[in-house]
Amino acid sequence: MSKLPFKVVAVDMDGTFMRDDQTFDHKRFDRVLTKLRADGGHFIVSSGRPYPRLRRDFTGFLDRIDMIADNGSLLIQDEQIISTHLLTHRATLDLIRFIQEHYPESSMIVTGVEDSYTTVDASPNFKQTMNFYYPDRVEVSDLIAAISPHNRITKITLSYRKDFSKELEQEFNKHHAEKIHCTSSGFGLLDIVPYSVNKGSAIEYFLRYFDAKPSKLIAFGDGMNDKEMLELAGYSYAMANGEPELKKVAKYEAPSNNDDGVLQILDSYLNK
């Protein structure tokens, strides 16, 4: 029987598991992961990052972790995609037109399972950020023309100066049968995914697979796209650097991402 009070660990990436310089302590993580798995535990990376980026982030650990990419649109186990939640081709095109009409100041990237697309005239700052998350993205002059019915689209990401995720979701859903869900990362980026898709619902899928109850889940996050995940968890931690609204949701607070807060907390449980 496990000595730990939890069976499943779920961690966000940016602002949570990763330091601001996009690094983490590989040796310490290896030790934590070895102890966790020896005690019958599971480790899930739960991120808005695309799957190809996560594969690069966790090179050397891929056979010992599970992944949720694109804020819940893709679920990965044993390096295989086991579940997808996609925007239809029609909804994707309707969203692009809606965004171009109502939020023309926003730069946009359309994320697919195989390919991701942004525009040539996207802002330089947006492109610089996307170079890290989507190193293989395709720049096009016209998103509508570039995306075909064969593209499997998981999400659309926008830049913003002021968070308009609730407004966009409400206004689009008023006039479209296929509903969407919008969530902010807190880093000036807004993700649009199929309705009912979020990190919490994705983790519920894994919990059923692992035969684990939410009370046996420990989750860490820093932004409001982690809200459903933390609400689900029996042990919920907001990072010290996290958004104030998320701290109201979480039961506990972890040290900041730059202080390796996730690994500190897991070490404290594993070394009791």
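In plain terms, the chain is cut at each of the GluC sites (Glu not before Pro) found in a DSSP loop with at most 15 other Cβ atoms within 10 Å, and the longest leftover piece is 179-272. Sites listed here are trypsin sites (Lys or Arg not before Pro) in the range 125-217 whose DSSP assignment is loop and whose Cβ has at most 10 other Cβ atoms within 10 Å: ARG161, LYS162. When +1 charges are put on Lys and Arg Cβ atoms and -1 charges on Asp and Glu Cβ atoms, the dipole computed for the chain relative to its Cα centre reaches about 820 debye. As a fraction of the 1.4 Å probe accessible area of the chain, surface on carbon and sulfur atoms comes out at 48 percent. Springs between alpha-carbon atoms under 10 Å, Gaussian network over the chain: tell me which of SER256, SER141, SER83 tops the mean-square fluctuations. In this elastic network of the chain, the residue with the biggest mean-square fluctuation among SER256, SER141, SER83 is SER141.
Does the range 89-194 come out rounded, prolate or oblate, given a ≥ b ≥ c as the square roots of the eigenvalues of its C-alpha gyration tensor, rounded meaning a/c under 1.5 and, failing that, prolate meaning a/b above b/c? The shape class here is oblate.
In the chain, helical runs assigned H by DSSP with n ≥ 4 each contribute -39500 (n - 2.57); averaged across all residues and rounded to the nearest 500, the mean residue ellipticity at 222 nm is -9500 deg cm²/dmol.
With a 1.4 Å probe and all protein chains left in place, how much accessible area per residue does the chain have, in Å²?
Per-residue accessible area for the chain comes out at 46 Å².
Among residues other than ASP78 with Cβ under 9 Å from its Cβ, the summed charge is -3 (Lys and Arg +1, Asp and Glu -1). With contacts taken as Cα pairs under 8 Å at a separation of at least 6 residues, the chain carries a relative contact order of 22 percent.
Distance between the pseudo-spin-label points of LYS162 and GLN100 (7 Å out from Cα toward the beta carbon): 2.6 nm.
Cross-linked pairs LYS127/LYS166; LYS216/LYS251; LYS179/LYS216; LYS27/LYS216; LYS27/LYS251: Cα-Cα separations exceed 22 Å for LYS127/LYS166; LYS179/LYS216; LYS27/LYS216; LYS27/LYS251. Inter-part distance, the range 52-95 to the range 203-231, computed on C-alpha centroids, equals 16 Å.
The values are calculated or read from the model by the stated rules, or taken from the named source; none is laboratory data. Note that the structure is predicted; figures quoted are calculated from it, not measured. All Cβ positions, glycine included, derive from the backbone under ideal geometry; neighbour counts span all protein chains shown. Side chains included, ligands, DNA and RNA excluded: accessible areas come from the protein's heavy atoms. Shrake-Rupley method; radii C 1.70, N 1.55, O 1.52, S 1.80 Å.
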